[in-house]
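Some notes on the structure that comes next.
The values are calculated or read from the model by the stated rules, or taken from the named source; none is laboratory data. Remember, predicted model here, so these are calculated numbers, not experimental data. Here the Cβ positions follow ideal geometry from the backbone for every residue, glycine too, while neighbour counts run over all protein chains shown. Each accessible area value is taken on the protein alone, full model and side chains, heavy atoms only, with ligands, DNA and RNA left out. Shrake-Rupley method; radii C 1.70, N 1.55, O 1.52, S 1.80 Å.
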Amino acid sequence: MSQCLDALPKPLRKLSRILDAIIALCGASLVTIVFGNAFLRFIANYDLAWAREVATFLMIWVTFLGLATAEARGVHMRVTEIAAHIFSASARRRLDVGINAVVAATLVIIIWYGIKISIRTWDQDSTVLYWPVGLLYAAMPVGVFLTLVFLVGHTLRLLVSTDPYAHEKE
């Protein structure tokens, strides 16, 4: 487990483990479906019509849930070397909290529009399985909301910890 994840409260660590399991299950299903369909198509000349739709749904959901697990571990791309050498710890903390506030505001906007898109497309059906297309688009607000939950957890740690950058010194 990453040190950033270890610093989160226990309920958020548990949520992260649940998301990891869901992503692993979806990933294994995705690999099985895609390779199974490819095998059937080229060996038996038979195509599973539903395989592409299911693979699309799984890929989109894995992507947005993965966004949240990456935030839980603090592994989203950031340039911290310059700030670590230029700013004091307290200035760096204020900078990180400010950046997190801007990111949180952006995530809230994405959630808002994601919900609107999902609701508007819920009555449309997918071509083969007739699943609601809104279910595909729902991955965005769900994954981004979970990302926001982990971002808030990290921001609270920044605000209350006596040494929020201790994990970087190791």
Looking only at residues that are among the small types (Gly, Ala, Ser) and outside any helix (DSSP H, G or I) in segment 12-58, which one is surrounded by the fewest Cβ atoms within 10 Å (Cβ to Cβ)? Ala44
Cβ pairs under 7 Å, 6+ apart or interchain, first in segment 23-45 and within 19 Å of Ile60 (Cα to Cα), second in a helix (DSSP H, G or I) and open to solvent by 40 Å² or more (accessible area, probe 1.4 Å), ordered by first then second residue, are Cys26/Trp61; Leu30/Met59
Apart from one, (1) surrounded by fewer than 17 Cβ atoms within 10 Å (Cβ to Cβ); (2) in contact with a Cys (Cβ under 8 Å, 6 or more places away or on another chain) all hold for Glu81; the odd one out is (2)
